[in-house]
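Scroll down for the structure; my scribbles are underneath it.
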Amino acid sequence: MKAGEKKRYEIRFSGSGGQGLITAAVILAEAAGVYDGKYVCQTQSYGPEARGGKSKAEVVISETPIDYPKAQHLDFLLAMNQAACDAYYRDLPAGGLLVVDSYLVEQLPTSRIVAIPFTQIAKEKFGSALVANMIALGMVGSLSRQVNPESLKKALLARVPAGTSALNLEALQLGMDEAAKINLDALPRSLQNDDEV
């Protein structure tokens, strides 16, 4: 590791209960830890309502041992609905990346953002919103550059219910393919809150 290089990378998946974000976070953590051999911590929290309530799951990935398991300086925030975007956007420092489901997030708080209609894509391509989390996971895995794509696929296959492997893999690959079209260098360098302009 080079001098001054960040030792840990912090990702938060956020949305509502029932969107499968905790499953996505667990798969990412297992890809990084089990298959890529990195140090990893995965934590999660739910709102008072299980399904439909606000939920978040965090994954901390590091090349060195992790001394604190929760995210302190987010690098990447995935917001799968407006409530999550509104609640957690301010936790993302300058230079962090915000990815939102533009089907469910209409008010965008920053210009440094990747907006993809994960839920709409899932409904149109697969006939169900249930795999929106896997499309989002494919994008998070690719854009964060913290896991090997093959490791992500192996972790997914080890975790999803029997009989859904092909569907989930296709959704994951779709997210990776969408990520490949995005030029992060073209985004503004830092977050810019419209309220502060």
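The values are calculated or read from the model by the stated rules, or taken from the named source; none is laboratory data. The model shown is predicted, which means the values in this text are computed figures rather than measured ones. For neighbour counting, all protein chains shown are included, and Cβ atoms are generated from backbone atoms with ideal geometry for every residue, glycine included.
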ask   = For region 57-84, what are the residues that are in a loop (DSSP other than H, G, I, E, B) and under 19 Å from Arg145 (Cβ atoms)?
value = Glu63, Thr64, Ile66, Ala71, His73, Leu74, Asp75
remark   = Here the qualifying pairs (Cβ atoms under 8 Å; residues six or more apart or on different chains; first in region 142-168 and assigned to a helix (DSSP H, G or I); second among the charged types (D, E, K, R)) come out as Ser144/Asp75; Ser151/Asp36; Ala155/Glu30; Ala158/Glu30; Arg159/Glu30
Of all residues in region 169-183 being out of contact with any strand residue (DSSP E or B) (no Cβ under 9 Å at 6 or more places or on another chain) and of a type in the set (D, E, K, R), the one that is surrounded by the fewest Cβ atoms within 10 Å (Cβ to Cβ) = Lys181
inquiry  = Anything in region 85-99 that is of a type outside the set (Ser, Thr, Tyr), within 21 Å of Asp185 (Cα to Cα) and not in a loop (DSSP other than H, G, I, E, B)? List them, or say none.
reply    = Leu97, Leu98, Val99
message = Considering only region 98-105, I want to know if a residue exists there that is at pLDDT 95 or above, closer than 18 Å to Leu152 by Cα, of a type in the set (A, V, I, L, M, F, W, C) and surrounded by 16 or more Cβ atoms within 10 Å (Cβ to Cβ).
response = no
Selection within region 61-84 - at pLDDT 95 or above and crowded, with 23+ Cβ neighbours inside 10 Å = Ile61, Leu77, Leu78, Ala79, Met80
key: Index of the failed condition, Ala166 passing every other in (1) buried (at least 19 other Cβ atoms within 10 Å of the Cβ); (2) modelled with pLDDT of 95 or more   = (1)
query = What about Lys123, is it of a type outside the set (S, T, N, Q), outside any strand (DSSP E or B), within 20 Å of Met134 (Cα to Cα) and at pLDDT 90 or above?
reply = yes
